[in-house]
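**Student:** Here it is, the structure, as structure tokens.
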Amino acid sequence: MVKKLDKQRRLKKKTNYTKRLILLKGNSPRLVIRKTNRYIILQIVKSNDAKDKIVYSVNTKELLKHGWSEDKKGSLKSLSAAYLGGLLLGKKAKDLKEKIILDTGLIPNTKGSKIYAAVKGVADADIEINYGEKVLPTEERIAGENTKVKDIFEKVKGGIEKQ
């Protein structure tokens, strides 16, 4: 039964088992980032004998509780929301003393993408994670070019940092 399930997940392109094996051998907590059609889900996962346990989790939908404008609800998968989600996850996981590694799953690694905005948010919350400065999006892109988005971004960021 297990082998059949593995083959199905591999054929449906849901799991890259080669990449997963490498990540599990690292024996470190992983920052798992997944994108949906509406939100970005960020989790810190620990594995024990290839069994994953979610230790901390944040959905960008939680930004609505921190002052994200209800009329900007459709932008909860934006670069700004990814950064703020990472910052919120980092604040939740402030007692985590281990170094974490990035697990993007099947999402392609693209310079300046939402994934690296979330990584920057986690790193800005003083969680130790390896990343290269070259792949991070610029501060201007994270804060947003539109003045309305910039105002919302600063308001939410201030609310998260006060926690």
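The values are calculated or read from the model by the stated rules, or taken from the named source; none is laboratory data. The model shown is predicted, which means the values in this text are computed figures rather than measured ones. Reconstructed Cβ throughout: ideal geometry from the backbone, glycine too, with neighbour counts over all protein chains shown.
**Student:** If you scan region 69-80, which residues turn out to be outside any helix (DSSP H, G or I) and surrounded by 18 or more Cβ atoms within 10 Å (Cβ to Cβ)?
**Tutor:** Leu76, Ser78
**Student:** In region 73-132, what count of residues is obtained for those that are at pLDDT 90 or above and at positive phi?
**Tutor:** 1
**Student:** Find the residue count for region 102-132, including only residues that are in contact (Cβ under 8 Å) with a residue 12 or more places away in the chain and either surrounded by 17 or more Cβ atoms within 10 Å (Cβ to Cβ) or closer than 27 Å to Leu11 by Cβ (or both).
**Tutor:** Number of matching residues: 21.
**Student:** Quick one: which of Tyr56, Tyr83 is among the aromatic types (Phe, Trp, Tyr), in contact with a strand residue (DSSP E or B) (Cβ under 9 Å, 6 or more places away or on another chain) and either more than 20 Å from Ile142 (Cβ to Cβ) or surrounded by 16 or more Cβ atoms within 10 Å (Cβ to Cβ) (or both)?
**Tutor:** Among Tyr56, Tyr83, only Tyr56 is among the aromatic types (Phe, Trp, Tyr), in contact with a strand residue (DSSP E or B) (Cβ under 9 Å, 6 or more places away or on another chain) and either more than 20 Å from Ile142 (Cβ to Cβ) or surrounded by 16 or more Cβ atoms within 10 Å (Cβ to Cβ) (or both).
**Student:** Next question, about the same structure. Check region 33-42 and report whether any residue there is modelled with pLDDT of 70 or more, part of a helix (DSSP H, G or I), among the β-branched types (Val, Ile, Thr) and closer than 18 Å to Ala117 by Cβ.
**Tutor:** no
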